[in-house]
Amino acid sequence: MSAQPEQASAPPAPAAAAQLLAQLRDDRRAGTWMPAFERDGATALEASRDTYSLTPLHDVVRTWQLRLAAAPAVDAYLDSGRDETDFVDLDDILGTHP
C-alpha cells in the first residue's frame with residue numbers, strides 16, 4: 001500500500017474574497033468581524049509568503065464564508081433565550097441517557 005496525498009479541496013472562486021469582504025462590511029457585526037478578518041488575512045498572507053502556497057489564504061476565505069453562513073443560526077439561538085454564556089449543558093446536546 002502506498003501513501004496517497006490527501007485531496008485538496010477546490011480553491012474558492014476568484015471573486016470569493018471580494019464578495020466576502022463586501023458581505024462582512026455590510027453585516028451588523030462589521031465592527032468586530034472586520035478587524036478579525038483583516039488579522040486572519042494578514043496572518044495567512046505571511047504564511048503564504050513563507051510557503052509559496054495560496055492555501056492559507058483560501059482557508060481564511062472558506063472559514064469566514066462558513067462563519068457568515070452560520071451567523072443567522074447563531075442569532076436565532078441567542079434570540080431564543082437560551083444564551084448560556086458560560087457553558088452549554090451536555091445533556092441538552094446529547095439528550096438524556098436511559
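Listing for the model above:
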item	result
Accessible-area ranking of Leu94, Leu78, largest first, probe 1.4 Å	Leu94, Leu78
Spin-label model distance (nm) - Glu46 vs Gln19, 7 Å beyond Cα toward Cβ	3.0 nm
Extension reserve of the Ser53-Asp26 stretch, reckoned as 0.36 nm per residue once the Cα distance is removed	6.8 nm
FRET efficiency, 1/(1 + (r/R0)^6) with R0 22 Å, evaluated for Ala73 and Met34 via beta carbons	0.55
Listed peptides 55-64, 25-34 by packing density, highest first (mean Cβ within 10 Å)	55-64, 25-34
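The values are calculated or read from the model by the stated rules, or taken from the named source; none is laboratory data. This one's a predicted model, so the numbers in the text were calculated from it and none came from an experiment. Note that each Cβ is placed from the backbone with ideal geometry, even for glycine, and that neighbours are counted across all protein chains shown. SASA here: full protein model, heavy atoms, side chains in, ligands and nucleic acids out. Shrake-Rupley method; radii C 1.70, N 1.55, O 1.52, S 1.80 Å.
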